[in-house]
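The values are calculated or read from the model by the stated rules, or taken from the named source; none is laboratory data. Everything quoted here is computed from the prediction, not taken from an experiment. Neighbour counts run over all protein chains shown; Cβ positions are idealised from the backbone, glycine included. In case anyone asks, the SASA skips ligands and DNA or RNA and just uses the protein heavy atoms, side chains included. Shrake-Rupley method; radii C 1.70, N 1.55, O 1.52, S 1.80 Å.
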Amino acid sequence: MIIKPKVRGFVCVTAHPTGCAAHIQQQIDHIKARGPIKHGPRKVLVIGASTGYGLASRITAAFGSGAASVGIFYERPSEEGRSATSGWYNSIAFTTAARAAGLYAGNINGDAFSDNIKQQALAMIARDMGPVDLVIYSLASPRRQHPKTGAVHKSVLKPLGASYTNKTVDTDKGIVSEITIEPASEAEAADTVAVMGGEDWEMWINALAGAKLLAPGATSVAYSYIGPVYTWPIYKDGTIGRAKIDLERAAQAIHARLMAHGGGRAFISVNKALVTQASSAIPVVPLYISILYKVMKAAGTHEGCIEQMQRLFATQLYNGHSPKYDSEGRVRVDDWEMRPEVQDTVSAIWLKATTENLAQLTDIVGYRSDFLRLFGFGLPGVSYDAEVEPHQLMP
Ligand code: NAD
């Protein structure tokens, strides 16, 4: 089958297996080029391991410090004549490369919020790997069925209290327009906290601790975002921000628990805004990212997920002493994004950006190419006109 991108709004419904494998290889090559991460993790559980920041964390742990890993994700496998979602192909490529390098890699495809998948993960860790010294929590999901109540919670990306009007871009059509987003109801805000807050992270840690599968001194990290003030109504001060406050609450509770278990630690890492499947769904943010890319590429400080995670592991998590925390106890790898000189330039462009000058003032081209790369399209050395077998089994 010849597989071409089919973009529908902010998703691409096809993915290219060879392209996804090339994308994984690029990330592995980056980690190898940066050299070993001393004092790095040995046995890692990554929850949300197939795309974006979780995938980059898994690659960093495996190829930066030789870690064994179990990855949890929720992807649509391929069928005869139908491509899988990209995270399926990513996980196949990662697993093949990790095993070729002599590293253990186990995968579970299913709903991480469920008790069943947690039990499967515990069994796999106990059987194949032994207690974990690092747990990465990197889920981004639109819904969660609560394992105890059975209720289905849906997350929304809305402001709180008042409506929010700002610029946004249709990244496909290149049209800049104004968007007004009505505020969330209290029920929608609570649902978003139920999906993207910290309860499930705590459930994972409790399950691991209960099964004695947390190594003494283990670390756990979850990811958050802050960004510039004019995105706060839709992000930091919106429904997702409220969920992130709950994630920070959970980080403190988990930290206390891990600390008491051999001096472990848990915290939030605030990461840079990047094109991922999760971020492309947020109104306003893609225009901000297109401008940010332009400014950071010009400054020579642009990073993707893999560069961010390499820097997080090498200079913060496993730097041989303590990470540098901000006043709220978070680790910041959004520090280069938030530099005043970067933000001042981004804000000036933000005010000027229109449909007509989008190509000159912003890196919409870089945004689009990163978006397509998420699905394995546009990778150098891949022949996209050649036949490829879409149906690929997890090794
Ligand atoms: P992503 O969409 O690339 O990855 C989400 C992962 O979660 C995938 O592996 C997916 O399979 C998995 N997943 C989703 N629902 C699941 C379920 N029910 N069961 C099992 N797995 C499931 O997202 P991302 O952008 O890498 O986001 C990861 C974290 O990083 C989020 O907490 C996000 O808020 C945070 N973050 C993202 C950005 C950004 O700009 N993308 C910036 C800072 C922080």
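Computed quantities for the displayed model
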| quantity | calculated |
| --- | --- |
| Links that overshoot a 23 Å alpha carbon limit, given the list 173/352; 6/352; 6/244; 154/244; 297/352 | 6/352; 6/244 |
| Rel. contact order, % - alpha carbon contacts under 8 angstrom, at least six apart, the chain | 23 percent |
| Under 5 Å, built H, 5+ apart or other chain: amide partners of residue 355 | 176 |
| Considering only the range 10-373, percent of DSSP beta bridges that pair antiparallel, nearest 5 | 30 percent |
| Measure of compaction for the chain (Cα Rg per 2.2 N^0.38 Å) | 0.95 |
| Neighbour net charge for residue 292 - beta-carbon separation under 10 angstrom, K R +1, D E -1 | +1 |
| The chain, accessible surface, carbon-and-sulfur percent (1.4 angstrom probe) | 56 percent |
| Environment charge of residue 181, counting only residues whose C-beta is closer than 13 Å and scoring Lys/Arg +1, Asp/Glu -1 | -2 |
| Selected from 340, 159, 142 as most flexible by GNM, with the chain as the system and alpha-carbon contacts under 10 Å | 340 |
| Segments 376-382, 221-227 sorted - mean Cβ within 10 Å per residue, highest first | 221-227, 376-382 |
| Protection-proxy order for peptides 46-53, 161-168, each taking the mean of Cβ atoms within 10 Å per residue, highest first | 46-53, 161-168 |
| Expected 222 nm ellipticity per residue - DSSP helices of 4 or more, -39500 (n - 2.57), all of the chain, to 500 | -12000 deg cm²/dmol |
